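**Student:** Quick one: this structure, given as structure tokens, is what I'll be asking you about.
The values are calculated or read from the model by the stated rules, or taken from the named source; none is laboratory data. What you see is a predicted model; the values in this text were computed from it and never measured. As a convention, Cβ positions derive from the backbone with ideal geometry for all residues, glycine included, and neighbour counts pool all protein chains shown. For accessibility, only protein heavy atoms count, side chains too; no ligands or nucleic acids. Shrake-Rupley method; radii C 1.70, N 1.55, O 1.52, S 1.80 Å.
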Amino acid sequence: MTTRHGSPALRARRAALIPLALASSVAAVTGLPAPAAAAAADDPAAVCAAMDDGVHLRMDGRGDSLLTTSREEADAAASGRGYTDDDGVAFLAAAAAGPGSEPVHRLQHPGSGRTAYALHPARIAALQAAGYVLQATPAFHAVADAEPCLDPVYELVRPGDGQQRLAVTKGQRKELEADGFRYVGVAFHSGTDRQFSIAVIPDTQHEVHVTKANNVFTHRAQWLSDNEDALDLRYITHTGDVVDWDTPNHEQYEKAKPGVDILDRTGIPYSFAIGNHDTMATDVGGSARPGQDTRANQRITDTFNAYFGVDHVENLRGAYQPGKVDNIYTTFAAGGVDWLVLHLELWPRTETVRWADAVIAAHPEHNVIVNTHSFLTGDGSVYQTNGGYGANSPQFLWDQALKKHANVRFILSGHTGQWAYRAMTGDHGNRVAAINTTLHDTTQNPTRIVQFDTASDSMASYVYRPWSQTYLTTAALDLDRLDLVVPAEERVERLTARVVGLRDGGRLAPHVAASLLERLDRATRVLADGSEQRAIAAVEQFAARVRNQVRGDADDLAVRAELDAAVSRLSSLLAAVDAAEATAASTASAI
């Protein structure tokens, strides 16, 4: 809920902050040495450079977390202690003490077996008072105080059982709060791994025929598992048509199942779109079932959901139809930003399009990847029909939902052709990359790897065929200027840094810069209080000052245009966040 003075939930959250006493006053309680006084004098560049060891996150069935810089320890916890949910590298820290870093301690509760992590002595003392036992060896080393090159790691605790979770993005923090966790404070500061990849599995219907001697479907899954670290793989998705058709003994599903089992064991989040061949619309041989209602059969997905249903989907945040994966959305965090993967049925029904519209609107600070079996044709144009037995065309989906939102970034599809790319523009000027990755193949197992670099706001994509260890060089695709969505707070920080840079570079008069920075500081403070509406007012005042005070020659006008564009994007984001929270509050009050 958003109010003009900060929501009750946010006021309660601030009240829950645990005060951090001086280190010297708690050292005797915890048995820990006080942090080195010299840490503040360390060179910030050296401090940040030392945060270069990946901290692996594993979770068990209770949601308990294991954090370690040792991949061997993480794997051992998965095989021997049930920490099988692999969330990859959560953040960057230091395996050993370095410039400006302090140990992050692991604590264990002997009764519940739950694990907690803390750097600040006061927080360690509080956990010990709650029954946690300090472990002999630190888990890793991080930084207590903020640095421009580091990001905060937030601590949240569930009041009922005391379970601790750490969040590295605003989206993760909001999801944990929605699940009943209470915000405690910033646990420490760490580096962020800005590079990662996702895998897009194309239409695999020809790979699972029972007459094929080689199971290239399973081979691909094993290759992805074996190369999880090398690729820094954070998500796997499939464009649909997993199988070609169903039979009474579900033989093609049975052939695909070992590969899906491998994906399950990796712990990497994955989800599949549903194609027409995955439904009862398709008969043995690949044609429509004679004498039956193909339009109705298109929505019969019982077998698919029995084999590859919601039990296989990690990070599932919502479904149009409970218990079915036909229309779902999942979330994950990677590269320091939040992502939402929205899977939609083929040629979707109008009510499904409305649901998708609402889901995207409710997550304005997530970068949205839409995966629906049919969107682009083989020549890269947007599909204009419903295939003759669907409900609405992909063009309808674009017009009525996808293009309306500033946070839609990618649309993945398959169904026809081999591969294609189309650059699209949403109503807010946002660039949307539509990528068809059908890649029908009767002998190989092509796989699109999309490598993101959020620091450079770019992606590089290629198609690799693990079976023959060859690349499909004609399907490579590199994109820059993705303009990935970051939280409003970070956009204010970036705009502040830009104003300072313009001032220091002599392109903005000091008194004008001071006037603008005062409004941005105001926006920062009211955002910390949880009021998007007051932040909107501060940003609007910033925009007015830009119009009134940045005047003069051509360079002044160029500076004004740059700031106008930046503040326009920020204003749109703040308005979207405010609307999403108002809608969420209204929905909650109606329940």
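**Student:** Size of the dipole of the chain about the Cα centre, Lys and Arg at +1 and Asp and Glu at -1 on the beta carbon, nothing else charged, in debye to 20?
**Tutor:** 1460 debye
**Student:** Given labels modelled 7 Å from the Cα in the Cβ direction, how far is it in nm from residue 128 to residue 568?
**Tutor:** 5.7 nm
**Student:** Percent of Cα-Cα pairs per 10 Å bin, from 0 to the last occupied bin, for region 188-238, please list those.
**Tutor:** Spelled out bin by bin, region 188-238 gives 21, 39, 24, 10, 5, 1 percent.
**Student:** Please calculate how many Å² of accessible area region 109-268 carries per residue, with a 1.4 Å probe and no DNA, RNA or ligand atoms counted.
**Tutor:** It amounts to 36 Å² per residue over region 109-268.
**Student:** Another question, then. How large is log10 of I(q)/I(0) for region 407-504 at q = 0.11, 0.16, 0.20, 0.22 Å⁻¹ when the intensity is taken from the Debye formula with one equal scatterer per alpha-carbon?
**Tutor:** Normalising to I(0) and taking log10 leaves -0.46, -0.78, -1.04, -1.17.
**Student:** Would you mind working out the accessible area per residue for region 408-493, using a 1.4 Å probe, and quoting it in Å²? Write out the running numbers ahead of the final one.
**Tutor:** Values: 3430 Å² over 86 residues.
It amounts to 40 Å² per residue over region 408-493.
**Student:** If Rh is defined by the Kirkwood formula over all Cα pairs and Rg also comes from Cα, what ratio Rg/Rh do you get for region 371-461?
**Tutor:** 0.99
**Student:** Follow-up. Once R0 is set to 35 Å, what does the formula 1/(1 + (r/R0)^6) return for the Cβ-Cβ distance between residue 49 and residue 425, expressed as a FRET efficiency to the nearest 0.05?
**Tutor:** Efficiency computed from Cβ-Cβ geometry: 0.35.
**Student:** Quick one: pull the percentage of alpha-carbon pairs in region 448-538 with a separation above 23 Å. Present the calculation step by step, with values, prior to reporting the outcome.
**Tutor:** Details: 2109 of 4095 pairs.
Beyond 23 Å sits 52 percent of the P(r) for region 448-538.
**Student:** Can I ask one more? Of the accessible area of the chain, with the probe set at 1.4 angstrom, what percent is carbon plus sulfur? Intermediate results must be reported in sequence, preceding the final value.
**Tutor:** Numbers: 12530 of 23870 Å².
Taking all protein chains in place, the chain shows 52 percent carbon and sulfur surface.
**Student:** Would you mind calculating the gained length between residue 261 and residue 161 on full extension (0.36 nm times residue separation, minus the Cα-Cα distance), in nm to one decimal?
**Tutor:** 32.8 nm
**Student:** Rounded to a whole number, what is D in µm²/s for region 162-210 from Stokes-Einstein with the Kirkwood radius over alpha-carbon pairs (37 °C, 0.692 mPa s)?
**Tutor:** Using the Kirkwood radius from Cα pairs, D works out to 222 µm²/s.
**Student:** Next question, about the same structure. Label-point separation (nm) for residue 247 and residue 351, each offset 7 Å from Cα along Cα-to-Cβ?
**Tutor:** 3.6 nm
**Student:** Hey, another quick one. Over the C-alpha atoms of the chain, what are the Rg and the largest Cα-to-Cα span, Dmax, in Å?
**Tutor:** Answer for the chain, Rg first and Dmax second: 25.4, 81 Å.
**Student:** Let me ask something else about it. Give the long-range amide H neighbours of residue 143: residues separated by 5 or more places, or on another chain, with amide H under 5 Å away, using H modelled in the peptide plane at 1.01 Å from N.
**Tutor:** 102, 189
**Student:** Still on this model: Quote the relative contact order of the chain in percent (integer), defining contacts as alpha-carbon pairs under 8 Å separated by 6+ residues.
**Tutor:** 12 percent
**Student:** Among 484, 567, 104, which residue has its Cα furthest toward the positive end of the charge dipole of the chain, with +1 on Lys/Arg Cβ and -1 on Asp/Glu Cβ?
**Tutor:** 567
**Student:** I've got another one for you. Summing -39500 (n - 2.57) over the DSSP H runs of n ≥ 4 in the chain and dividing by its residue number, what mean residue ellipticity at 222 nm do you reach, to the nearest 500 deg cm²/dmol?
**Tutor:** -10500 deg cm²/dmol
**Student:** For region 276-397, what is the accessible area per residue in Å², given a 1.4 Å probe and the full set of protein chains? Before the final figure, lay out each step's value.
**Tutor:** Working: 4170 Å² over 122 residues.
Per-residue accessible area for region 276-397 comes out at 34 Å².
**Student:** Moving to a separate point now. Hey, could you get me the Stokes-Einstein D for region 111-152, Kirkwood radius over alpha-carbon pairs, 37 °C and 0.692 mPa s, rounded to whole µm² s⁻¹?
**Tutor:** 273 µm²/s
**Student:** Bins of 10 Å, beginning at zero and ending with the bin holding the largest distance: percent of Cα pairs per bin for region 85-235, please.
**Tutor:** Bin by bin from 0 Å, the calculated values are 10, 30, 29, 16, 10, 5, 0.
**Student:** How would you order 138-148, 326-336 from highest to lowest mean count of nearby Cβ atoms within 10 Å?
**Tutor:** Averaged packing, sorted descending, gives the order 326-336, 138-148.
**Student:** With unit charges on the beta carbon (Lys/Arg positive, Asp/Glu negative), name the residue among 432, 224, 239 whose Cα is farthest towards the positive pole of the charge dipole of the chain.
**Tutor:** 432
**Student:** Region 270-405: percent of C-alpha pairs farther apart than 22 Å?
**Tutor:** 39 percent
**Student:** What fraction, in whole percent, of alpha-carbon pairs in region 420-475 exceed 18 Å separation?
**Tutor:** 46 percent
**Student:** Using 0.36 nm per residue, how much length does the chain from residue 524 to residue 358 gain when fully extended, once their Cα-Cα distance is taken away?
**Tutor:** Here the segment from residue 524 to residue 358 would lengthen by 57.0 nm.
**Student:** Taking trypsin sites (Lys or Arg not before Pro) as exposed when DSSP calls them loop (any state but H, G, I, E, B) and at most 13 other Cβ atoms lie within 10 Å, what is the longest stretch of the chain free of them, the sites themselves excluded?
**Tutor:** Between the exposed loop sites, the longest stretch runs 63-480.
**Student:** Report the relative contact order of region 63-139, percent, no decimals, based on alpha-carbon pairs under 8 angstrom and at least 6 residues apart. Show your work: numbers first, answer last.
**Tutor:** Working: 76 pairs, mean separation 23.0, N = 77.
Once normalised by length, the contact order is 30 percent.
**Student:** With the Cα gyration tensor of region 484-591 in hand, give its eigenvalues times 5 under a square root as the equivalent ellipsoid semi-axes, listed largest first in whole angstrom.
**Tutor:** 30, 12, 11
**Student:** Separate question: Cross-link candidates for residue 324: which lysines have Cα within less than 20 Å, leaving aside residues fewer than 8 places away along the same chain?
**Tutor:** Counting by Cα, and skipping residues close in sequence, residue 324 has these lysines nearby: 257.
**Student:** Taking the Cα atoms of region 343-502 alone, what are Rg (to one decimal) and Dmax (as a whole number) in Å?
**Tutor:** Answer for region 343-502, Rg first and Dmax second: 17.4, 57 Å.
**Student:** Taking the inverse of the average 1/r across all pairs of different Cα atoms in region 199-317, what Kirkwood radius in Å do you get?
**Tutor:** On the way: mean 1/r = 0.0676 Å⁻¹.
Answer for region 199-317: a Kirkwood hydrodynamic radius of 14.8 Å.
**Student:** Turning to a different aspect of this structure: How big is Rg to Rh over region 114-196, alpha-carbon atoms, Rh as the Kirkwood inverse-mean-distance radius? Intermediate results must be reported in sequence, preceding the final value.
**Tutor:** Numbers: Rg = 13.3 Å, Rh = 13.7 Å.
My calculation puts Rg/Rh at 0.97.
**Student:** Across bins of 10 angstrom width beginning at 0, how are the C-alpha pair distances of region 378-417 distributed, in whole percent?
**Tutor:** Going out from 0 Å in 10 Å bins, region 378-417 shows 25, 54, 20, 1 percent.
**Student:** Leaving ligands, DNA and RNA out of it, rank 149, 48 by accessible area with a 1.4 Å probe, largest first.
**Tutor:** 149, 48
**Student:** Sequence neighbours fewer than 8 away in the same chain don't count; with that in mind, list the lysines whose C-alpha is under 25 Å from residue 170.
**Tutor:** 403, 404
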